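One structure below.
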Amino acid sequence: MRYNICVMPGDGIGPEIVAEAMKVLGTVGEKFGLEFAFTKALIGGAAIDATGGPLPEATVAACKAADAVLLGAVGGPRWDTLDPAIRPEKGLLGIRKALGLFANLRPARLFPELAAACCLRPDIVGKGLDVMVVRELTGGAYFGEPRGIEERGGEKVGFNTMVYAEHEVRRIAKVGFETARKRRGRLCSVDKANVLDVSRLWRAVVLEVAKDYPDVELSHMYVDNAAMQLVRDPSQFDVIVTENLFGDILSDEAAVITGSIGMLPSASLGAANPGLYEPIHGSAPDIAGQDKANPLATILSVAMMLKHSFGEAKAADAIEAACAKVLSEGYRTGDIMEPGKTLVGCKAMGDLVVARLG
Ligand code: IPM
Ligand code: MG
């Protein structure tokens, strides 16, 4: 099989981590008889520098023509003072919308080898920490109209609209239920139905979809309580499904409590390919270009790509196993370094994973 992958390295450490993930794909391809063709495209600050905007038409076209998209990271202090309309983040939001990537899967799990880095008490994580956040990605306050800042009664007023149509809730709820079905069978829908009308509709639609999934145990939680429960007892969660803004916040929280945000991959999926795969962490401009970044989140993101976009579960498992092996042998990048372990750079970490695929 031959797969076309559009690669967008982006900014900061993006190019370094993406290079390692491509290396891993090359090796896994040889091993499993898969061929990968790569096309590069510009996004974020790199695109602003080259073309004046964060998401050139050519990038959208290249992504649409691909079977899957691999993204490094976007943003950095160099572009922070630009007009909001052309900030690097706009490129990311734009490509999500252009590709119809409404479902964002963000697994937050504790790697046993890195348990010491976890910032929760051992008795709390002892019960397990393996949560999948399913975040709605193309609706809600991020995209809702009307939005803006305008003059009203002699002062400026800023506003956004959190809006969801039934079909948008239905399709993300389905992803939530399907995901739960493949895991431990529990789905928690997070909303703010005690205050927000949009959440009342959300809950009603989720309850309707639930009728098709009698085997999945559904619960509902208000977002403020969910934020608290995630640190109090994360073992109660299997899959969380929630709207865009709540998911943005809760997925960062879920990721950081594992203690290894540099390890966590993500997948953004639409109704059909291409899906977009990227590490959860950002562009880390402070360490960019120094061969210090942790490439494992990006490498694990291509494992998600193999599984979700290409149905190549065996190849995906091989990558995950190789990453686990490297960790169990004691190799660490700076972000996950502990006394007694072996510090390696970004390239060396990629090489170690490649060697253990063989
Ligand atoms: C994320 C990021 C983005 C978001 C930003 C960079 C636009 O925080 O992917 O979670 O808010 O969705
Ligand atoms: Mg975020």
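The values are calculated or read from the model by the stated rules, or taken from the named source; none is laboratory data. This one's a predicted model, so the numbers in the text were calculated from it and none came from an experiment. Glycine gets a Cβ as well: all are built from the backbone with ideal geometry, and neighbour counts include every protein chain shown. Just so you know, the surface numbers come from the protein's heavy atoms only, side chains and all, with ligands and any DNA or RNA stripped out. Shrake-Rupley method; radii C 1.70, N 1.55, O 1.52, S 1.80 Å.
Quick notes on this structure:
- With N as its number of residues, the stretch 1-117 has a Cα radius of gyration that, divided by 2.2 N^0.38 Å, comes to 1.18.
- GNM top mover of Lys307, Lys182, Lys90 - the chain, alpha-carbon springs below 10 Å: Lys182
- Here the Debye sum runs over all C-alpha atoms of the stretch 81-157 as equal scatterers in vacuum, and log10 of I(q)/I(0) at q = 0.12, 0.27, 0.28 Å⁻¹ comes out as -0.64, -1.24, -1.28.
- Approximate shape of the chain as ellipsoid semi-axes (Cα gyration tensor, √5λ), whole Å, largest first: 31, 26, 21
- Placing pseudo-labels 7 Å out from each Cα toward the beta carbon at Phe32 and Lys174 gives an inter-label distance of 2.6 nm.
- Label-point separation, Glu208 to Glu57 (7 Å along Cα→Cβ), nm: 3.9 nm
- With every protein chain in place and a 1.4 angstrom probe, the accessible-area ranking of Arg87, Arg78, largest first, reads Arg78, Arg87.
- Set against the 2.2 N^0.38 Å expectation for a compact globular protein, the stretch 264-329 has a Cα radius of gyration ratio of 1.22.
- Distribution of pairwise C-alpha distances over the stretch 213-358, 10 Å bins, in %: 10, 33, 36, 19, 3, 0
- Summarising the strand pairing of the chain, around 40 percent of its internal DSSP beta bridges are antiparallel.
- Nonpolar atom fraction for the chain, defined as the carbon and sulfur part of the 1.4 Å probe accessible area, stands at 55 percent.
- Over the residues of the chain, the helix contribution to mean residue ellipticity at 222 nm works out to -12500 deg cm²/dmol, using -39500 (n - 2.57) for each DSSP H run of at least 4.
- Computed over protein heavy atoms with a 1.4 Å probe, the accessible surface of the chain works out to 42 Å² per residue.
- Accessible area of His308 in the full protein assembly, 1.4 Å probe (Å², nearest 10): 80 Å²
- Largest-first principal axis extents of the Cα set of the stretch 48-191 (Å): 53, 39, 34
- The stretch 119-257: proportion of alpha-carbon pairs further apart than 28 angstrom, %: 22 percent
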